[in-house]
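These notes concern the structure reproduced below.
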Amino acid sequence: MSIVLVGCLSLFSCKPKVVPPTPPTPVNLITATAQRVLYYDKYPATTQALSQVNLIPQVQGYITGIFFTEGTHVSKGQKLYEIDIRLYQASYDAAQANLKAAQSNQLQAQQDADRYTYLNSQDAVAKQLYDHAIIALQVAKNNAESAEQAVKTAKTNLSYAVIYAPFDGTIGFSQVKLGNMVTVGNTVLNTVSTDDPMAVDFLINEKQLMAFEALDNRKQDAHDSLFTILMPDNSLYPYTGKISVIDRAVDPQTGAIRIRLEFANPKKVLRVGMSCVVRVHNLEPAPVLLIPGRAVVEQMGEYFVFVAKDTLIQSHADSTKKKEAEVSKNEPDSTHKGPSMHAFQKKVLLGQTIGPNVIIKDGINDGDQIVVDGVQLLHDGSKITVGKPVAKEGDKAMEGKTEAHKKN
């Protein structure tokens with residue numbers, strides 16, 4: 001009898017428990033609406049000089065003079081360095097003296113040739129002496145020409161002993177000091193780069209190339225804000241830019257191509273090598289979908305939003321509504337028929353971020369109901385209701401502390 005009683009108790013204890021119904025998750029919704037927005041496409045960029053040159057000596061010697069202040073603006077033709085000029089001055093003076101001697105010899109040879117030419121016309125001199133006089137004149141002329149070339153070479157070397165600024169620009173730190181020995185073609189004295197205007201280089205994807213070529217062909221006035229830059233401290237540079245160069249080829253490894261903008265730099269604020277952000281004003285007139293950024297969920301590098309839909313849940317759903325049928329299996333009353341609201345996860349393609357909002361390029365449609373608050377408690381197919389979202393445990397604790405602080 002006791003065995004039968006125990007068996008009955010065991011049989012009744014194995015009866016499945018009724019799972020309490022899961023209440024809908026309260027959320028806040030917005031309607032995704034296409035609208036025209038003002039925004040900028042942003043690209044990391046680097047400032048560059050339109051022209052830059054390394055100063056390399058063409059003659060050898062010791063540095064005897066430095067005539068500029070490092071890091072300042074220099075003008076074209078300004079004297080920058082002097083290499084020991086005495087040796088090259090002496091060579092130039094010697095070449096000048098040799099030229100004068102060669103010219104004197106040429107004058108004497110010319111007089112002799114004229115004399116022997118006259119005598120030869122009168123048959124009053126031997127033919128050999130006449131020929132020698134003509135040859136001597138030619139030799140004297142060649143010597144004079146050689147002396148002239150030697151003077152030019154000595155003058156060039158003398159001019160190379162003084163280095164001048166090749167153009168207006170900013171000069172950097174000197175790589176040599178007074179008394180340093182410099183050699184031809186090996187020693188870099190300094191670097192000079194143009195500073196007004198300045199170039200700003202950035203990379204775009206090859207898919208954007210046609211758009212930038214259209215912008216290049218578009219007429220711009222001096223105050224067009226199509227291209228602007230943000231400085232390293234995130235401040236806006238006060239001058240606008242224009243396209244200067246679109247590179248000749250796309251990098252086959254990355255699919256990127258370089259664009260160069262040109263900006264006025266009258267106050268020398270821009271320096272070579274600065275990191276900045278190029279802003280390209282959006283010219284797209286078509287409306288775009290803009291939703292709050294907090295509605296977007298990131299998973300493994302992909303982005304999703306929850307779209308709310310009124311779904312008819314039935315006990316025997318067909319294969320085309322498999323997802324809704326799976327939701328109905330977890331509900332206690334599967335025989336109930338009627339519309340209920342559920343949140344379904346949709347993969348989206350993000351565009352530009354504009355303040356707290358973000359542009360959605362693909363994945364949802366105009367008029368979709370988007371969950372903006374309470375997304376952290378949802379999964380694909382969750383039953384939802386419109387109401388104040390449930391706070392997380394950490395948020396509840398913080399709210400409790402806040403309320404206690406108010407009472408005190």
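The values are calculated or read from the model by the stated rules, or taken from the named source; none is laboratory data. Everything numeric here is computed off the predicted structure, so don't read it as measured data. FYI the Cβ positions are ideal-geometry reconstructions off the backbone, even for glycines, and counts take in every protein chain you see. With ligands, DNA and RNA removed, areas are computed over all heavy atoms of the protein, side chains included. Shrake-Rupley method; radii C 1.70, N 1.55, O 1.52, S 1.80 Å.
Would you confirm whether or not the range 356-373 contains a residue that is assigned to a strand (DSSP E or B), of a type in the set (Val, Ile, Thr), open to solvent by 50 Å² or more (accessible area, probe 1.4 Å) and at pLDDT 50 or above?
Scanning the range 356-373 turns up no residue that is assigned to a strand (DSSP E or B), of a type in the set (Val, Ile, Thr), open to solvent by 50 Å² or more (accessible area, probe 1.4 Å) and at pLDDT 50 or above.
Scan the strands (runs of 3 or more DSSP E) fully inside the range 38-115 and keep the ones with 2 or more residues being modelled with pLDDT under 90 and in contact with a Ser or Thr (Cβ under 7 Å, 6 or more places away or on another chain).
Passing ranges: none, list empty.
Quick check on this structure: which one of Thr191, Thr183 is open to solvent by 20 Å² or more (accessible area, probe 1.4 Å), farther than 27 Å from Pro44 by Cβ and in contact (Cβ under 8 Å) with a residue 40 or more places away in the chain?
Thr183
Spot the failing condition for Ala211; the list is (1) modelled with pLDDT under 90; (2) under 24 Å from Lys268 (Cα atoms), and only one is missed.
Single failed check for Ala211: (2).
Can you run down the residue pairs with Cβ atoms below 7 Å, 6 or more apart or on separate chains, where the first is in the range 40-65 and over 12 Å from Met181 (Cα atoms) and the partner is of a type in the set (Lys, Arg) and in a loop (DSSP other than H, G, I, E, B)?
Close Cβ pairs (under 7 Å, with a partner that is of a type in the set (Lys, Arg) and in a loop (DSSP other than H, G, I, E, B)) amount to Thr47/Arg271.
Go through the residues of the range 325-347 one by one and say whether even a single one is assigned to a loop (DSSP other than H, G, I, E, B), hydrophobic (A, V, I, L, M, F, W, C), more than 49 Å from the chain's Cα centre (by Cα) and at pLDDT below 50.
No; the residues of the range 325-347 include none that is assigned to a loop (DSSP other than H, G, I, E, B), hydrophobic (A, V, I, L, M, F, W, C), more than 49 Å from the chain's Cα centre (by Cα) and at pLDDT below 50.
Run down Thr228, Thr254 and say which single residue is out of contact with any Asp or Glu (no Cβ under 7 Å at 6 or more places or on another chain), of a type in the set (S, T, N, Q) and either buried (at least 18 other Cβ atoms within 10 Å of the Cβ) or assigned to a strand (DSSP E or B) (or both).
Checking each option against the conditions leaves just Thr228.
Output the number of residues of the range 102-116 satisfying the condition of being free of Cβ contacts under 8 Å to residues at least 24 places away in the same chain and surrounded by 15 or more Cβ atoms within 10 Å (Cβ to Cβ).
Going through the range 102-116 one residue at a time, the tally reaches 1.
Might you let me know whether the range 144-165 holds any residue that is touching a Gly at 6+ places or on another chain (Cβ under 9 Å), closer than 30 Å to Ala256 by Cβ and either open to solvent by 80 Å² or more (accessible area, probe 1.4 Å) or modelled with pLDDT of 90 or more (or both)?
no
For Asp201, state whether it is within 60 Å of the chain's Cα centre (by Cα), of a type in the set (Asp, Glu), under 30 Å from Asp41 (Cβ atoms) and open to solvent by 50 Å² or more (accessible area, probe 1.4 Å).
So Asp201 does not fit the description; no.
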